[in-house]
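The values are calculated or read from the model by the stated rules, or taken from the named source; none is laboratory data. Remember, predicted model here, so these are calculated numbers, not experimental data. No Cβ is skipped: glycine too gets one built from the backbone with ideal geometry, and neighbour counts run over all protein chains shown. Please note that ligands, DNA and RNA were not included when accessible areas were found on the heavy atoms of the full protein model with its side chains. Shrake-Rupley method; radii C 1.70, N 1.55, O 1.52, S 1.80 Å.
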Amino acid sequence: MDLKNAVVFVTGAGSGIGAAIASHFGRLGSSLFLVDREQDALKNAGNFLISIGVKNFETFAADISQELDSKKMVNQAIKRFGKINIVIPCAGLIRDGLLLNLEKETKKVKSKLSFDDWQDVLNVNLNGTFLTVRDCAEKMAEGGWPGLIVPISSVNKAGQLGQLNYSSSKIAISLFPKVIIGEFLLKKILNIRVVGIAPGYTRTPMLEKMNQSVLDSLLKTVHLNRLIEPSEIAKLIEHISSNEALNGTTVEITGGICHAHGVVK
Ligand code: NAD
């Protein structure tokens, strides 16, 4: 893919991984269509792009979990740039909590994962990603442009305690590449590849919302012994865009997470 002439469509572009991807591809000369539901975050991301000399972008405020917003943002991207080549649906959120939390003494349930927290996470991470992927893919299939879709899963697809909602959304997202590419083969949609990414613990505002002691203990399982930088994820996506052999799979980028417990002597 010729990245200088590519149109890169990023959701969740106001913060963290999405914002880093925007500046990475902006520096490479791609045109950027940037979506977030937070206007201020989008404005800051836009100002940062201008400060590093990136001018060929449009920001668009939308809630990716709303079907109408999804349609509007994709139509606007086509209106502005005439095509979409790379889609990176980064918008996502966490609402951590245990399914049940008991009083130590009485064993009575003192709190439980609320249905709102369950639904909010599934609505954005799963339903929203579905809408972005479907609505962009529709234009890309009809346009016949060289294309790549990169759904963002997470290493916590393995099942993180306290994240029943988040882990459920991310295991589902990790299946997108395999199922969609199978359907594309069936229907001879051969111009679009789908390659997911499952990042490990990455230095972004989302992670700052996690409990610090939980985060410290999680980092003890990382061979690299540090958080991943969002720019390292952007570099991986650049590589994926140039390597056609990667397709129909979800690639982990974690710094080497070891979930095994116990000491090997
Ligand atoms: P972040 O909180 O820094 O950024 C997420 C962005 O998504 C925010 O700007 C937010 O406003 C936007 N957003 C949320 N809901 C939205 C909606 N309905 N419509 C439009 N925009 C919306 O998070 P991040 O760490 O950059 O995460 C980006 C993606 O990477 C998420 O899907 C996340 O699950 C995934 N991820 C993150 C990590 C990590 O350690 N940070 C690890 C694995 C996967």
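The heavy atoms of Glu138 offer some 100 square angstrom of accessible surface to a 1.4 angstrom probe.
The figure for Val251 is an accessible area of roughly 40 square angstrom, using a 1.4 Å probe on the protein chains alone.
Averaging 1/r over every pair of different alpha carbons in the chain and inverting the result gives a Kirkwood radius of 19.1 Å. How much of the DSSP bridge set in the chain is antiparallel, in percent, rounded to the nearest 5? Once the DSSP bridges in the chain are tallied, antiparallel ones form about 15 percent. Accessible surface area normalised per residue over region 38-185 is 53 Å², counting heavy atoms of protein chains with a 1.4 Å rolling probe. For region 1-145, the equivalent ellipsoid built from the Cα gyration tensor has semi-axes of 35, 18, 12 Å, listed from largest to smallest. Here the dipole of the chain is about 300 debye; that uses its Cα centre as origin and unit charges on the Cβ of Lys and Arg (positive) and Asp and Glu (negative). Each Lys or Arg adds one and each Asp or Glu takes one away; over the other residues whose Cβ falls under 14 Å from the Cβ of Val54, this sums to +2. The Cα atoms of region 42-94 give a gyration tensor whose axes a ≥ b ≥ c have a/c of 1.5 or more with a/b no greater than b/c, which makes the shape oblate. Expressed as a whole percent, the accessible surface of region 1-120 that belongs to carbon and sulfur atoms is 48, based on a 1.4 Å probe. Positive-end ranking of Phe130, Ile86, Ser111 along the dipole of region 85-137, with charges on Cβ about the Cα centre, is headed by Ser111.
Remark: region 126-265 carries a charge dipole of roughly 300 debye about the Cα centre, counting +1 on each Lys and Arg Cβ and -1 on each Asp and Glu Cβ.
Modelled spin-label separation between Asn211 and Thr249, with each label point placed 7 Å from Cα along the Cα-to-Cβ direction: 3.6 nm. For the chain, adding -39500 (n - 2.57) for each run of n ≥ 4 DSSP H residues and dividing by the number of residues yields -13000 deg cm²/dmol at 222 nm.
Quick check: from the Cα gyration tensor, does region 1-85 come out rounded (a/c under 1.5), prolate or oblate? Oblate is the answer for region 1-85, as a/c is 1.5 or above yet b/c matches or exceeds a/b.
Comparing Cα centroids, region 1-60 and region 114-193 end up 21 angstrom apart. For region 168-217, a simple Cβ point-charge model (Lys and Arg +1, Asp and Glu -1, everything else neutral) yields a dipole of about 300 debye relative to the Cα centre.
Computed from the C-beta positions of Leu68 and Lys110 and an R0 of 35 Å, the FRET efficiency is 0.30 to the nearest 0.05.
Could you tell me which residue out of Val194, Val150, Gly255 lies farthest along the dipole of the chain toward its positive end? Charges go on the beta carbon: Lys and Arg +1, Asp and Glu -1, centred on the Cα centre. Positive-most Cα among the choices belongs to Gly255. Over all pairs of different C-alpha atoms, region 163-265 has a mean inverse distance whose reciprocal, the Kirkwood radius, equals 15.7 Å. Can you work out the PRE-style zone for Glu229? Point 7 Å along Cα to Cβ, and I want the residues of region 25-61 with backbone N under 17 Å. Counting backbone N atoms under 17 Å from the label point, the list is 25-28, 52.
Taking every full run of DSSP H in the chain, the ones that stretch at least 30 Å from end to end by Cα along their long axis and average -0.5 or higher on the Kyte-Doolittle scale are 164-186.
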